[in-house]
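Data first, discussion second: the structure below is written as structure tokens.
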Amino acid sequence: MKLLTHNILTSKCLKGVTVGYPLGIVAKEVKVNEVDFNPEFISRMIQKVDWPALCKAAENLGHTDELPQTVVDDYENNEEFLKKAHHFLMEIEVMNGDLICPETGRKFPVTDGIPNMLANEDEV
Amino acid sequence: MSVNLLDNFSSSPTNVLCLINAGLLNGFTREEILDIFERFGDVENLIMLEGKSYCVLSFKKENNSAESYQKLNGSFCLKDESKPLYLCFLKYTLLSFQETSKVWPTGLILKKNFISLGEEEKLLFFTHTQQSESQTSQLKHRTVKHYGFEFLYGSNKVDKNPLSSGIPVEMEPLIEKFMEFGLARPNQLTVNHYVPGQGIPLHTDTHSSFEDGIISVSLGSDIVMDFKNNKGGECVSITLPRRSCLIMTNESRYMWSHGITPRKSDVVDAELGGLTILRREKRTSLTFRKIRTSECDCKFTEWCDSLSSKIVDFSEEAADQIEKNHVFHVYDGIASHFSATRHSPWPNVKSFIMSFPVGSLLVDIGCGNGKYFNCSSSLFNIGTDRSSQLLKICRNRDDHQVVKADCRVSPFRDSIADAAICIAVIHHLTTDERRLKTLIDISRVLVKGGRALIYVWARDQQIGIEKSTYLLQKKSEVSSRAEAYPTAVLPVHENRTNFKHADILVPWKLNFRNSNSEELEYRGSSESNPSTYLRFYHVFKEGELEYLCSKVSNITVCRSFYDQGNWCVEFKKE
């Protein structure tokens with residue numbers, strides 16, 4: 001699970017959960033895959049990304065203060081920033097661990113890179 | 001048309017006469033007027049207007065009109081009324097008015113002179129002798145007798161318990177004529193006797209009760225039948241001459257209402273142009289229908305009661321159970337074999353994906369083995385599926401981003417995806433409500449202006465002469481032998497044939513070379529053949545997917561089409 005994927009996931013599927021975002025991460029195994037850098041793609045993605053949620057996810061993985069707290073101005077032309085964003089969004093993958101619903105504390109396991117966001121019948 | 005008669009009066013004789021107090025409104029027929037005036041010379045034209053108590057008649061020669069004026073004006077007594085006829089001269093005749101162009105309901109067939117006078121006489125005699133017998137009911141507006149099955153006026157349905165008497169043998173010559181026209185043999189007959197002034201309210205015979213092709217034979221009197229389009233609301237009145245046969249098929253049977261206004265006469269088109277009055281006589285109608293034994297498969301879903309009733313009404317528990325046994329477990333069991341046989345993306349889905357710009361987010365709801373992930377490297381794809389085995393296949397191939405989730409509740413933020421695809425997924429859901437919920441959730445996830453493409457398996461596997469690839473698939477791929485599935489909870493479909501039911505189980509024969517023993521632990525309930533899995537499908541009929549989409553607020557269907565045995569819709573979030 002890339003952090004870009006994580007940035008889009010919510011636990012809203014649970015009964016009584018209104019926002020369910022962002023999901024906390026407790027990682028047991030993380031890997032880094034090299035992915036080709038495409039500045040145009042990353043620039044477009046940054047518009048969709050909830051930046052504070054990304055920072056928090058990075059923090060959960062132990063990367064404290066590695067990302068600026070806000071998206072920098074004129075980021076389209078800031079290659080250093082885009083590369084950093086690319087690394088966090090596209091290259092870091094949580095392979096095993098749990099995602100935590102911020103409202104209920106319910107854990108969603110991540111196994112071999114696949115989050116299981118399926119709620120039980122009594123949870124929906 | 002509005003006519004200003006005052007500007008048109010002439011104080012001196014002309015060849016044009018206005019009959020001031022004789023017109024369609026006060027019950028004059030064309031023939032009656034012509035009878036009176038043709039004695040004086042050749043009538044050039046007679047214009048009778050609907051809703052007017054006058055008419056305009058022109059002679060070829062002016063002296064004929066002058067003579068008739070002298071002889072008739074103020075002295076000729078009209079019919080049995082005491083009032084005399086009043087006439088005046090007009091400078092010119094009325095311009096021939098434009099007849100409103102009539103719409104003819106699609107699929108409506110009228111065969112004039114369907115039976116001879118002799119045949120009509122025989123049928124009238126027979127139906128009148130029957131009328132006095134039992135089982136005749138006097139409705140508010142007419143007398144009715146049913147044969148074969150009872151047509152329930154009120155609900156416009158049929159009582160599917162057969163009546164003691166079937167269609168009488170006396171109808172056999174008629175039925176043979178119907179069959180010559182390629183109509184199916186009817187098994188229900190309603191005989192209605194109408195006296196002048198009686199009618200029948202506008203109605204559509206219930207879809208689930210009767211097959212396509214409702215036949216009505218008119219005996220004893222011409223009648224004007226009104227048709228109303230249930231969709232557009234346009235109305236058209238059609239004269240059914242006595243001895244004619246009316247066949248309602250297609251749109252006219254499923255999407256139009258028909259009825260007879262209770263009145264004693266009708267205004268109709270005259271044979272030589274213009275309008276005239278048609279007085280009603282006693283009329284007997286014979287309505288032949290064929291009782292439907294399976295669900296209605298019409299495409300007029302908005303008016304089809306079958307659409308709701310035909311969907312097997314599973315309880316939530318049963319629905320869960322069927323999806324678990326016949327969808328989730330099946331896909332986990334057949335994952336590798338399925339994936340090996342499902343590798344090429346469908347071209348129309350691929351071109352939809354390619355239509356989005358770099359950096360768009362695509363969610364693939366029910367991504368299966370992820371065959372659409374590689375269509376475009378400039379998009380960010382996230383897939384969801386219920387099958388862990390299929391998700392593993394995706395993940396192990398190029399680390400695709402996949403999440404295990406229910407398609408009805410995707411675990412994504414609101415208004416985030418530019419594109420969504422949901423290909424061959426919602427036909428695996430057991431209820432209409434679940435299928436709709438999935439579409440609503442897809443629209444929730446889309447950004448404003450975002451587009452989704454939905455594919456579902458079509459009940460019609462052959463449109464026109466073109467067979468779908470499903471029907472054409474080589475027999476060698478699967479055993480074509482029909483097998484018995486004694487424990488199956490739903491009808492089991494015979495592969496490579498057209499679908500007979502909407503909710504079915506479709507066998508998947510596992511090829512042992514592609515499977516392993518672990519997979520065989522999860523099986524659908526096909527006890528007879530351990531290598532066969534039964535997948536649940538709800539196959540969609542034409543228009544059903546669009547109808548489902550119409551229930552989702554803030555989306556617009558951009559296009560809908562048929563693609564290789566699937567009904568497909570592309571919609572946009574507003």
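The values are calculated or read from the model by the stated rules, or taken from the named source; none is laboratory data. Just so you know, these numbers come straight off a predicted model, no measurement behind them. Neighbour counts run over all protein chains shown; Cβ positions are idealised from the backbone, glycine included.
Listed residues A:E79, A:E91, A:E34; which is charged (D, E, K, R), touching a residue at least 24 places away in the same chain (Cβ under 8 Å) and more than 14 Å from every other protein chain (Cβ to nearest Cβ)?
Going through A:E79, A:E91, A:E34 in turn, the sole match is A:E79.
Look through B:L6, B:L25 and report the one residue that is at pLDDT below 85 and under 23 Å from B:S82 (Cα atoms).
Only one candidate qualifies: B:L25.
Which residue is modelled with the lowest pLDDT, if the candidates are limited to the stretch A:103-120 and must be within 9 Å of chain B (Cβ to nearest Cβ) and within 16 Å of B:V409 (Cβ to Cβ)?
Applying the filter and picking the extreme gives A:A119.
Starting from the stretch A:1-23, keep only residues that are over 11 Å from B:P411 (Cβ atoms) and among the charged types (D, E, K, R), then list their pairs with residues that are part of a loop (DSSP other than H, G, I, E, B) and modelled with pLDDT under 95 whose Cβ atoms are within a distance under 7 Å, requiring at least 6 positions of separation or different chains.
A:K15/A:V124
Residues B:V349, B:V358: which one is in contact with a Phe, Trp or Tyr (Cβ under 7 Å, 6 or more places away or on another chain) and free of Cβ contacts under 8 Å to residues at least 24 places away in the same chain?
B:V358
Which residues, taken from the stretch B:271-295, are surrounded by 17 or more Cβ atoms within 10 Å (Cβ to Cβ) and either out of contact with any Phe, Trp or Tyr (no Cβ under 8 Å at 6 or more places or on another chain) or among the basic types (K, R) (or both)?
B:G274, B:L275, B:T276, B:L278, B:R280, B:R283, B:L286, B:R289, B:K290, B:R292, B:E295
What tally of residues in the stretch A:19-31 results from selecting those that are within 11 Å of chain B (Cβ to nearest Cβ) and either surrounded by 13 or more Cβ atoms within 10 Å (Cβ to Cβ) or modelled with pLDDT under 95 (or both)?
Final tally of qualifying residues: 5.
Somewhere in the stretch B:436-447, is a residue surrounded by fewer than 20 Cβ atoms within 10 Å (Cβ to Cβ), at the interface with another protein chain (Cβ under 8 Å from one of its Cβ atoms), over 24 Å from B:Q564 (Cα atoms) and in contact (Cβ under 8 Å) with a residue 12 or more places away in the chain?
no
Quick check on this structure: which one of B:A340, B:A318 is under 20 Å from B:H501 (Cα atoms) and either modelled with pLDDT under 90 or not in a helix (DSSP H, G or I) (or both)?
Criteria check complete, one pass: B:A318.
I'm checking my understanding of the structure. Among residues of the stretch B:397-413 that are more than 8 Å from chain A (Cβ to nearest Cβ) and more than 36 Å from the chain's Cα centre (by Cα), which one is surrounded by the fewest Cβ atoms within 10 Å (Cβ to Cβ)?
B:D398
Among A:V49, A:V110, A:V32, which is of a type in the set (A, V, I, L, M, F, W, C) and over 24 Å from B:C367 (Cβ atoms)?
Going through A:V49, A:V110, A:V32 in turn, the sole match is A:V32.
Does B:F356 satisfy being surrounded by fewer than 21 Cβ atoms within 10 Å (Cβ to Cβ), among the aromatic types (F, W, Y) and assigned by TED's automatic domain parsing to the domain that holds B:L429?
yes
Taking the options B:V236, B:V217, B:V195, name whichever one is in the same structural domain as B:G154 (by TED's automatic domain parsing) and crowded, with 19+ Cβ neighbours inside 10 Å.
Unique residue meeting the criteria: B:V217.
From the list B:R292, B:R263, B:R279, pick out the single residue that is modelled with pLDDT under 90, assigned by TED's automatic domain parsing to the domain that holds B:M225, under 28 Å from B:G166 (Cα atoms) and not aromatic (F, W, Y).
Answer to the check: B:R292.
Of all residues in the stretch B:394-435, which are out of contact with any Cys (no Cβ under 9 Å at 6 or more places or on another chain) and under 20 Å from A:G97 (Cα atoms)?
If the condition is that a residue be out of contact with any Cys (no Cβ under 9 Å at 6 or more places or on another chain) and under 20 Å from A:G97 (Cα atoms), then B:R395, B:N396, B:D399, B:V403, B:K404, B:F412 are the ones that fit.
Tell me, please, whether a residue that is away from chain B (no Cβ under 14 Å) and at positive phi can be found in the stretch A:48-65.
Within the stretch A:48-65 (the criterion being away from chain B (no Cβ under 14 Å) and at positive phi), the answer is yes, since at least one residue qualifies.
Do you know which of the residues in the stretch B:414-430 that are part of a strand (DSSP E or B) and more than 11 Å from chain A (Cβ to nearest Cβ) is nearest to B:A458 (Cα to Cα)?
B:I423
Kindly establish whether A:T10 is closer than 30 Å to A:A119 by Cβ, at pLDDT 95 or above and of a type in the set (S, T, Y).
Spelling it out, A:T10 is indeed closer than 30 Å to A:A119 by Cβ, at pLDDT 95 or above and of a type in the set (S, T, Y).
Yes/no per residue for (1) in contact (Cβ under 8 Å) with a residue 60 or more places away in the chain; (2) touching a strand residue (DSSP E or B) at 6+ places or on another chain (Cβ under 6 Å); (3) not assigned by TED's automatic domain parsing to the domain that holds B:A417:
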residue: B:H337; (1), (2), (3): yes, no, no
residue: B:T341; (1), (2), (3): no, no, no
residue: B:I382; (1), (2), (3): no, yes, no
residue: B:D385; (1), (2), (3): no, no, no
residue: B:L390; (1), (2), (3): no, no, no
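Does B:V363 qualify as being facing chain A (nearest Cβ under 9 Å), under 37 Å from the mean Cα position of the chain (by Cα), of a type in the set (V, I, T) and within 28 Å of A:F37 (Cβ to Cβ)?
yes
Give the residues of the stretch B:368-396 that are crowded, with 23+ Cβ neighbours inside 10 Å, part of a loop (DSSP other than H, G, I, E, B) and either in contact with a Phe, Trp or Tyr (Cβ under 6 Å, 6 or more places away or on another chain) or at the interface with chain A (Cβ under 7 Å from one of its Cβ atoms) (or both), sorted by residue number.
Within the stretch B:368-396, just B:S387 meets the criteria.
Counting only residues that are at pLDDT 80 or above and under 22 Å from B:T204 (Cα atoms), give me the strands (runs of 3 or more DSSP E) lying completely in the stretch B:131-176 with at least 1 of them.
B:143-147, B:150-152, B:157-159
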